[in-house]
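Encoded as C-alpha cells, the structure appears first; notes follow it.
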Amino acid sequence: MLLQVRGDEVRVAYDGEEALVAEGDFHPEIVLLDIGMPKLSGYEVARRLRELRGPGVFIVAITGWGQEEDRQRAREAGFDHHFTKPVDYAALLEVIDHAG
C-alpha cells in the first residue's frame, strides 16, 4: 500500500467487524473506510468509532458511493472527509497530513 511506502503504520481489515477489532488493537489516529463493506457498513463502523473515540479519530470515507445523499449520510455517521473512487492520491495525502 502506498501509505506504507511513505512510512505510515497501516492495518488492513476486510469487513466492518474486522475494522472494529483492528481499531481496538491498534487505536489509529486516522481510519480509512469503504462504506459498502460486508458484515457492517462503513456508516455503522464510523458511528461506533465515534461512540468509542469521539473526536479522537479522523475518519475518511473512500468509496464508490458519491451522491450527495451518500455524503450527507457519511457526515451524519461521523466521517470527517469523503472521497469517491478513484481517489486522487495527492488529495488523500493532503487530507491525511492535515487531519486532526
Using alpha-carbon pairs under 8 Å, 6+ residues apart, how would you state the relative contact order of the range 52-100 in percent? 42
log10 I(q)/I(0), Debye, Cα-only the range 2-97, no solvent, q = 0.23 Å⁻¹? -1.34
Around residue 48, with a cut-off of 12 angstrom between Cβ atoms, what is the net charge of the other residues, counting Lys and Arg +1 and Asp and Glu -1? -1
With label points set 7 Å from each Cα along the Cα-to-Cβ direction at residue 10 and residue 85, the distance between them in nm comes to 1.5
Apply the Karplus curve 6.51 cos²θ - 1.76 cosθ + 1.60, θ = phi - 60°, to the phi angles in the range 68-79 and return the couplings in whole Hz, x for Gly and Pro. 4, 5, 5, 5, 5, 4, 4, 4, 5, 6, x, 5
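Computed from the coordinates by the stated procedures, all read-outs in this text should not be read as laboratory data. All of these numbers come straight from a predicted model, not from anything done at the bench. We place every Cβ from the backbone using ideal geometry, glycine too, and count neighbours over all the protein chains shown.
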